[in-house]
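Asker: Right, I'll just put the structure down here and ask away after.
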Amino acid sequence: IVMRLVDIRALILDYGGVISLPQDMEDVDIILRMIRVEPGEFEKVYYRLRPSYDSGKITGKSYWSSLLQACGRDPQDFDLLHLVQADVRSWTHINPDMIEFIRACRRQVKHLAIISNLTRDSLAYLHEHCEWLALIDVTCFSCELETNKPGREIYTTCLERLCLPPGECLFVDDSTRNVQAAQNLGIHTIRFTSFTEFLGEVEAKYRL
């Protein structure tokens, strides 16, 4: 039996862990040495405070000030801007295979989009250093919309901007929660685990 491929008019990608590589642990180690906090304690606080930073409700300096206080450190003892920059660096190692795929897709798929939880500081870095961003038609970044995945609003905003029904869109994310939220709206999805597996699933199921 030959499975009929699903026609896709918009490919929607996550940024962190899909377009970029997963957070770089060497960069994280540099931060841990700077602030002298144990990895387990750091990770808990890092992600607990992150939603407000991702949604643009607080600045990078405020985020790091709160994180340091939660870890029993005095923020005045640290260069907060340096910590912001180190954190941005950890999330901005781009996956070259995915960029090549985006360039190839640009010639065949009607729309390319991004839905991503991303801080204003990381977004500023992308605008300054990543020329591939110009290949994307629609961007829905949490810091600009002030709402994060897996909340429904960021997905519906993207669909509205694309002017497409969910059944004509394919969303790719490395987070099960974020993929499930898209599925709940009727969007086709792939949970990203590796570029090779992603490419295989696209070619087996979809026509871009």
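The values are calculated or read from the model by the stated rules, or taken from the named source; none is laboratory data. Quick caveat: nothing in here was measured; it's all calculated off a predicted structure. Neighbour counts are summed over all protein chains in view; Cβ atoms, including those assigned to glycine, are modelled from backbone coordinates with ideal geometry. These area figures cover heavy atoms from the full protein model, side chains too; ligands, DNA and RNA do not enter into them. Shrake-Rupley method; radii C 1.70, N 1.55, O 1.52, S 1.80 Å.
Asker: Considering the stretch 153-188 alone, what residues qualify as being in a strand (DSSP E or B), in contact with a Phe, Trp or Tyr (Cβ under 9 Å, 6 or more places away or on another chain) and open to solvent by less than 20 Å² (accessible area, probe 1.4 Å)? Please lay out each step first, then the result.
Answerer: Residues of the stretch 153-188 in a strand (DSSP E or B): 169-173, 188.
So of that shortlist, the ones also in contact with a Phe, Trp or Tyr (Cβ under 9 Å, 6 or more places away or on another chain) come out as 170-173, 188.
Answer for the stretch 153-188, where residues must be in a strand (DSSP E or B), in contact with a Phe, Trp or Tyr (Cβ under 9 Å, 6 or more places away or on another chain) and open to solvent by less than 20 Å² (accessible area, probe 1.4 Å): Leu170, Phe171, Val172, Asp173.
Asker: Exactly one of these conditions fails for Ile114: (1) touching a strand residue (DSSP E or B) at 6+ places or on another chain (Cβ under 6 Å); (2) more than 30 Å from Leu49 (Cα to Cα). Give me its number.
Answerer: (2)
Asker: Condition first: surrounded by 15 or more Cβ atoms within 10 Å (Cβ to Cβ), at pLDDT 95 or above and either hydrophobic (A, V, I, L, M, F, W, C) or within 18 Å of Gly16 (Cβ to Cβ) (or both). Now tell me which residues in the stretch 189-208 satisfy that.
Answerer: Thr189, Ile190, Arg191, Phe192, Phe195, Phe198, Val202 - these are the residues of the stretch 189-208 that are surrounded by 15 or more Cβ atoms within 10 Å (Cβ to Cβ), at pLDDT 95 or above and either hydrophobic (A, V, I, L, M, F, W, C) or within 18 Å of Gly16 (Cβ to Cβ) (or both).
Asker: Still on this structure, I have one more. Please identify the pairs in which a residue from the stretch 96-111 that is among the basic types (Lys, Arg) has its Cβ atom under 7 Å from the Cβ atom of a residue that is not in a helix (DSSP H, G or I), counting only partners at least 6 apart or on another chain.
Answerer: Arg106/Leu112; Lys110/Arg9; Lys110/Ala10
Asker: Yes or no: Asp14 surrounded by 13 or more Cβ atoms within 10 Å (Cβ to Cβ), of a type in the set (Asp, Glu) and in contact with a helix residue (DSSP H, G or I) (Cβ under 6 Å, 6 or more places away or on another chain)? Walk me through it before giving the result.
Answerer: Details: surrounded by 13 or more Cβ atoms within 10 Å (Cβ to Cβ): yes; of a type in the set (Asp, Glu): yes; in contact with a helix residue (DSSP H, G or I) (Cβ under 6 Å, 6 or more places away or on another chain): no.
Spelling it out, it is not the case that Asp14 is surrounded by 13 or more Cβ atoms within 10 Å (Cβ to Cβ), of a type in the set (Asp, Glu) and in contact with a helix residue (DSSP H, G or I) (Cβ under 6 Å, 6 or more places away or on another chain).
Asker: Please tell me if Leu135 is under 24 Å from Phe195 (Cβ atoms) and open to solvent by less than 90 Å² (accessible area, probe 1.4 Å). Reasoning before the result, please.
Answerer: Numbers: under 24 Å from Phe195 (Cβ atoms): yes; open to solvent by less than 90 Å² (accessible area, probe 1.4 Å): yes.
Yes.
Asker: Of everything in the stretch 10-65, what is under 25 Å from Cys140 (Cβ atoms) and of a type in the set (S, T, N, Q)? Give them in sequence order.
Answerer: Ser20, Gln23, Ser52, Ser55, Thr59, Ser62
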